[in-house]
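Each remark here refers to the structure printed beneath this line.
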Amino acid sequence: MKKVAGISRWFHLLYLGNLLWAPVFDPAAGWVDWVLVGGVVAAFVPMYVLAWQRPSLVRWRCTVPTVVLGALVTPFNTGAAVLFVYAAAFAGLSESRRLAMRWFVGLSALICLFSVVSVVEMPYRLWGLLPSLIFLWLIGILQVEWAEREREAGELRIRNVRIEHLATLAERERIARDLHDLLGHTLTAIIVRAQLVAADPARVQEEAAEIERTARAALGEIRDAVTGWRSASLETERGGGARRVDEPRREVVVRRDPDLVTSARP
């Protein structure tokens, strides 16, 4: 999808073809008009590429220079008003909705101004400016909507990562607490009995049997706890898999292997 989106962005440069209307259809056009078109394209394309590569720099290195370039060229070539459409797209990409709307109003005011002060004859002047005025709002608003969806998706991904991190920490704390509860008392009892054996060698057999019994009981508790953790993990994976199923009517069936939870037993 990203590759397709990147290719489609290059196709958007075709709108620069509006610059060609004046030198192609104006009988009085000369080489200066063609040089002007080539200069505008050469100056704008790097800003266009930068807008997608570095969104944080869009306002001062893309939007403002594009508006300035359009303001300098539009009085002589009304097709250059398409630069205001690109500027609206840049503003929709990088600004909040309220600031983007202010950009749209300002750009519309510039187009209306050039409809009065342009040197291009009527009605060609309006034919070059009116489409840009309409598409400025259309493309600008669509860009605002797309940018807001992208920001919301990014914030959602960040929240999900945080939730997963907190869940992992909580699970680690729970496991550590369970192990402490299971082993703390048992190991303390084993240590005390071992000290009794060292102090009274005559009680070796009796205490050794008691230590073995205590150790086996602790081992059984650990196995039961591990079995519970495995079952909980399986249920978690089942729930996660069910949420990821695209088809709402698909049923998720989990079959457990009886040996899976008893593999740790001798």
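The values are calculated or read from the model by the stated rules, or taken from the named source; none is laboratory data. These numbers were taken from a predicted model, which means no experiment stands behind them. Cβ sites come from the backbone with ideal geometry, for glycine too, and all protein chains shown count toward neighbours.
Looking across the stretch 14-30 at every residue that is in a helix (DSSP H, G or I) and modelled with pLDDT under 85, the one that is surrounded by the most Cβ atoms within 10 Å (Cβ to Cβ) is identified as Ala22.
Residues in the stretch 60-79 include at least one that is within 22 Å of Phe11 (Cα to Cα), without any contact (Cβ under 8 Å) to a residue 40 or more places away in the chain and surrounded by 21 or more Cβ atoms within 10 Å (Cβ to Cβ). Mind checking which residues of the stretch 67-114 are of a type in the set (S, T, N, Q) and farther than 26 Å from Glu150 by Cα? The answer is Thr74, Asn77, Thr78, Ser108. Entry remark, the stretch 31-54: residues being within 20 Å of Ser94 (Cα to Cα) and of a type in the set (A, V, I, L, M) number 5 in total. Within the stretch 75-105, how many residues are touching a helix residue (DSSP H, G or I) at 6+ places or on another chain (Cβ under 8 Å), under 19 Å from Pro65 (Cβ atoms) and in a helix (DSSP H, G or I)? Number of matching residues: 20.
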